[in-house]
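Every number in this text was worked out from the coordinates using simple rules, so none of it is lab data. Note that the structure is a prediction, hence the values are computed from the model and not measured. Methodologically, a virtual Cβ is constructed for each residue, glycine included, from the backbone with ideal geometry; neighbour enumeration extends over all protein chains shown.
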Amino acid sequence: MTTDTPTSGPTPAASVGSSATVIHEGLPTQLPDIDPDETQDWIDSFNALIDERGRERARYVMLRLLERARQKQVGVPALRSTDYINTIPPEREPWFPGDEETERRIRSYIRWNAAVTVSSANRKGLEVGGHIATYQSSASLYEVGFNHFFRGKDHPGGGDQLFLQGHASPGIYARAFLEGRLSEQQLLRFRQEVQHGPGAGLSSYPHPRLMPEFWEFPTVSMGLAGINSIYQARFNRYLAGRGIKDTSDQRVWAFLGDGEMAEPESLGAIRVAAREELDNLTWVINCNLQQLDGPVTGNGKIIQELEANFRGAGWNVIKVVWGREWDALLARDVDGVLVNKMNSTPDGAFQTFSVESGAYNREHFFGPDPRLRAMVEHMSDRQIEKLPRGGHDYRKVYAAFDAATKTVGQPTVILAHTIKGWTIDALEGKNATHQMKKLTKDDLKKFRDRLYLPISDRDLESAYEANGTAPFFHPGADSPEIEYMLERRRQLGGSLPKRVNRSKMLTLPGDSVYAELRKGAGNHKVATTMAAVRLLRDWMKDPEIGKRIVPIAPDEYRTFGMDSMFPSAKVYDPLGQTFESVDRNMLLQYKMSPQGQLLHEGISEAGAMASAIAAGSSYTTHGEQMIPFYIFYSMFGFQRTGDQIWAMADQLARGFLVGATAGRTTLTGEGLQHADGHSPLLASTNPAVVHYDPAFSYEVAHIMRSGLERMYGSTEEHPQGEDVIFYMTVYNEPVPQPAEPADLDVAGLLKGMYRVTEVEQGEGPRVRLLASGVGFPWIDEARRLLAEDWGVRAETWSVTSWNELARDGVETGKWNLLHPDEAPRTAYVTEALGDDTAPVVAVSDYMAAVPLQISPWVPADYRVLGADGFGFADTRPAARRFFQIDAESVVVQALSALAESGEIDPARVGEALAKYRIDDPTAVADRSQEGGAA
Ligand SMILES: Cc1ncc(C[n+]2csc(CCOP(=O)(O)OP(=O)(O)O)c2C)c(N)n1
Ligand SMILES: [Mg+2]
C-alpha cells in the first residue's frame, strides 16, 4: 500500500490476491445485525452530530472514521472520489533533494527555447505548425522527472521507459539542446525533415522511425500511449517471469493529456494494470482542463471524473491540484467553505479564473461567500492572481512522483492540475491556443520578463527583424545550470529520451524444422492456419529461438487449434493458477503460470496489439530479441487496430501478425461482420508491412522462414535485421496440400508469384490463371473444366503477395523515372508473365481491388474476379457463387476474355453461362462443404 497517500488506495482487505478483490462497492448491510441496540446507538449519535454541528462536520467525521478503519485494516469499500484538493497534505510532503532555484532557471530556459522552436517554425514562408501551449503547461511535470526520477539507459537496473505526450516534443528537444545533444540549427529545422538532408531536421512528434537514436516510443496518436504503456509494463513483468531479463528495477512512465483521456484506448485497459498489480507503471495526466479547441469538460470536473475511474479500477490516485500558496488558506478553512467552493466550481469556470485578474478572482471565486472573502482579505490582488495550480508547483509535483515510485501493489496515476500555455500571457488558458503558433515581439518580451531571462530588447528585436523569431537561449556549457542538469542525468544513467539497440541477433533454425510442411499432406486436406500453427509449435521447440517466441491471441487460441499449447507452454499469469481448472482431467487443460509463454489477452485486440508492439520492440527497448506471433480473426486486425499497427511500424517493432480465418467466403456461417474481404488492401497502406497470402503449407514454410531471416537474422544489407512486420493471411478451410515441387521457384514465391502448373502441350486457345490463398483450388478446378468442357488450356500461378508485386511495380517505375539514361528495369510481374499474349484471369477471396493493384504491369488482357460487397452467412459454395469467384466463374471469365480477343466463338460464353448458372447462387443449394466450423 501507499505510504504517502493516506486518503487513497483500496482498503487492505481489498488488496489483490485476497478473496475480497472482487468486491468493488459492497456494503455490509446484508449481514445479519448481531447487536441491533448497539447499531442504533451509533446511528443516533451520527444523527445528533448532523443536527448539532451540521453536515460539513458530519462529513468530516465520517471521512476520519473511514481513514481510521483503513488504518485498522477494517475492509470498508474505497471512496471513488475525494475532495478537490491535493492527495498528499503538506505535512506529508517529502524533503526535496534538489536545488529548486537552479531547477527553476533550467525550466525557464527550456520553456523559452521550446516556444521559440515552434514560433520560428512558423516564420513567414515556412509555417510548418507546432504546439506551443502544451509543453508550457507540463514543463514542471517533465522537469521533476528528468532531474530526479527518469533513469537512463546506463542505469544498472536497465533504465525507465518514457511515453511522452507527443505534441510536447518541442520541450523535449529544448532540453536536449541545453544538454548539448541537439544544435541550435536542428531546433531551427523543427518539422523540416527532408529539405535540409537526411537527419538534419527534427520530427514533429516522437517518431522512432524518423529519429531512431532519439525517440523510443511513438505517442502522438491520442490514446495509444495509454494502452501501449500498460502492456509495456506488463510485458516487462512477463520478461522477468520467463527468466529472460530482470526488469524489476525499471519503470514505465506515461505522460498523457486530459483531453486524450476521452479516447477508449486510454481508459480501456486500466483494469489490466490494476489486476496485474503493475506498480512499475506511473501515469502522469496533464490536466490543463483543455483540449485543442475548448474545455475538456467545461460543465464537469475532469480530475474528479478521472479519479473515480481510476480508483474504481483499482489504481493509486494522487491528485496535485493546488500549489503551496493555497496550503495556508486550506489550513484556515475550518468551515469547509473553500473546499466546498473547489469541489463545486466547474472546469469551465476554473479556466476563466485562470485568465482573469486577481480582482476578478476575489470577486467571483472568493467573493460570493463572506467567509471566503474574509479568508483572502490580507492578500493583494496580485497575490490572488498568482495563486498557482498544483501541476506548476515543483515541490508538490516532486512529492507526487516520489509517492508514486514508492507505491507497492498498484499502478499510480498522478492527476496534475495545470494551465495551458502557463507563463506565456498571450496563450494562458485561452481556448484558441492551438491556433496561435507564432509569438509577436511583444508576446516574446513579456514571456522573457516572466522567465527572468537575460536577453536584451535589442537582441530580441534584431533576431525578430532578421527571421521573425527570437534568439534561442543557452547559458553556456560550463554554466552552473548546465553542469547541474548534466550531473543529474549522469547520476540517473544518462540522457533521455534515447533509443539504443543492444540486442544480439539470433541463430535461426535450419532446414529440418521446415521439412514437415514442405512434404505436403498426401491425401489429407489441411487448412493453412493449421500449417502455420504446426510450424510455430516446432519453432517453439527450437533451443535458440523457442523461448523467444511470444504467442499472442485475444481469446481465440482454441479456434486456431492452439489449445494443445496450454498444458506445455501455459498461459502467462503473474498469480499462476489459484484454482483447480474445470478441465483439469482433460489432456489439453487450461494452465496458467507466472512463467507461462502464451499471452492470452481476453477479448481485446487492442491489448493484443499492444503486447505485440512491446514484444516486437523488445530488441531495442530491452536488448532482448523476442518474436511476437499474434494470431487473430483477420477482420479484427487492420480494420480494428490499424492505427496501432501504424504505431508498431513507427516503433520499428518486428514480428508476425497472422490474420487467421481470412477471406470473405471461408468463415462459413459468420457473415457480414466477420468476413474479411479487404485486409490485404489495408495492410498495403502500411509501408512496413509485408503481406503474404499463402495457398499451400510449403509456401507457409518459406514465408515464415523468410520472416524470421529478414527480421531476426543478420544480412549484409541489414546486419541488425530489417524493420518490417510480416502479415500473413491464413484460412480455416481444409484444402489439398501438395508436396513442394522439386524445382520450386522460391525467389518468385517470396517476390509474390510463381507458376504452379505449365500449360499443356497441344493446340487451341490458352489462358493464364492467377490466384492467392484459398482461391488456388478454384483456379485448379477451373483449369480442369476449361480443358474438359471447352478445350482451353490453362496454366496456373500462385500469387503469394499482390501487395509486394504492386510495390515492386511502383518502385520500378520510380527508378526508371530517375534513371532516364540507363536501361529501364522491368517490374517483376511483367518479367514473370513474359511476352505471352494469352489473357490473364485473377481471383482471390478478397475484393477485386486487391489483385487489381498489379494491373499496370500485367502485359496482357487482365480480368479480375473479387468478393466485393458485404459478406453474409451461408455455405462456401453459395457465397462463392454469389460473388462469382468460384471455379465456374473463373471459367466463364476466361472464355469471355478469349471471345473478346477472337480466340473463340462468342456464343460459347453464353453456353457456359447457361451451363454453370454463375449468376444464380441457388444453383449450388445442395453442394456440400467440409470443415465448416470456425
Ligand atoms: C487520435 C488523434 N486525434 C486527434 C489528434 C489531434 N490532436 C493533437 S493534440 C490534441 C489535443 C490534445 O488535448 P489534451 O490531451 O488535453 O492535451 P494538451 O495539449 O491539453 O496537454 C488533438 C486533438 C491526435 N493527435 N490524435
Ligand atoms: Mg489538455
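Each Cα pair of region 243-288 feeds into the Kirkwood radius, which the Stokes-Einstein equation turns, at 4 °C and 1.567 mPa s, into a diffusion coefficient of 107 µm²/s.
Across the cross-link table entries 153/406; 396/445; 420/445, which are compared at the Cα atoms, the separations over 23 Å belong to 396/445. Think of the chain as having a plus end and a minus end, set by charges on the Cβ of Lys, Arg, Asp and Glu; of 408, 922, 329, 329 sits farthest toward the positive end of this dipole.
Can you compute the charge dipole magnitude of the chain about its Cα centre, using +1 on each Lys and Arg Cβ and -1 on each Asp and Glu Cβ, nothing else charged? Give it in debye, rounded to the nearest 20.
That gives a dipole near 1960 debye.
By other beta-carbon atoms within 10 Å, ranking 638, 214 with the fewest at the front produces 214, 638. The alpha carbons of region 825-903 occupy a box of 45, 29, 15 Å along the principal axes, longest dimension given first.
Of the residues 430, 124, the one with the fewest other Cβ atoms within 10 Å heads the list, and the complete ranking is 124, 430.
Highest average first, the peptides 419-428, 503-512 ordered by how many other beta carbon atoms sit within 10 Å of their residues are 419-428, 503-512. Only Cα pairs under 8 Å and at least 6 apart count here; give the relative contact order of region 765-924 as a rounded whole percent. Once divided by the residue count of region 765-924, the mean separation gives 23 percent.
For a quick check of your reading of the filter: which trypsin sites (Lys or Arg not before Pro) in region 324-390 sit in a DSSP loop and have no more than 16 other Cβ atoms within 10 Å?
324, 332, 386
The C-alpha atoms of the chain define a longest principal axis, and helix 887-900 lies at about 70 degrees to it.
Here the dipole of region 29-169 is about 1000 debye; that uses its Cα centre as origin and unit charges on the Cβ of Lys and Arg (positive) and Asp and Glu (negative). Simple rule: put +1 on each Lys or Arg Cβ and -1 on each Asp or Glu Cβ in the chain, find the dipole, and look at 660, 910, 221; the Cα lying farthest toward the positive end is 221.
Counting only alpha carbon atoms, the long axis of helix 457-467 and the longest principal axis of the chain meet at about 20°. Among the chymotrypsin sites (Phe, Trp or Tyr not before Pro) within region 856-934, those in coil by DSSP and having at most 14 neighbouring Cβ atoms inside 10 Å are 870. Projecting the Cα atoms of 367, 695, 512 onto the charge dipole of the chain (Cβ charges, centred on the Cα centre) puts 367 farthest toward the positive pole. Peptides 725-734, 156-165, 686-695 ranked from most to least packed give 725-734, 686-695, 156-165, packing being the mean of other C-beta atoms within 10 angstrom over each peptide's residues.
With contacts taken as Cα pairs under 8 Å at a separation of at least 6 residues, the chain carries a relative contact order of 11 percent. Note on region 298-404: along the principal axes its Cα atoms extend 41, 29, 28 Å, ordered by decreasing extent. Compared with the dominant Cα axis of the chain, that is its longest principal axis, helix 697-712 is turned about 40°. Each eigenvalue of the Cα gyration tensor of the chain, multiplied by 5 and square-rooted, gives one semi-axis; in descending order these are 59, 35, 25 Å. The fraction of Cα-Cα pairs per 10 angstrom bin, counted from 0 for region 762-842, comes to 17, 38, 27, 14, 5, 0 percent, rounded to whole percents.
As a proxy for reagent exposure, ranking 876, 825 by other Cβ atoms within 10 Å from fewest up yields 825, 876.
Shape class for region 207-263, computed from the alpha carbon gyration tensor (a ≥ b ≥ c): oblate, with a/c not under 1.5 and a/b at or below b/c. Pull out the extension gain between residue 640 and residue 581, defined as 0.36 nm times the separation in residues minus the alpha carbon to alpha carbon distance; nm, one decimal. Length difference between fully extended and current span is 18.0 nm.
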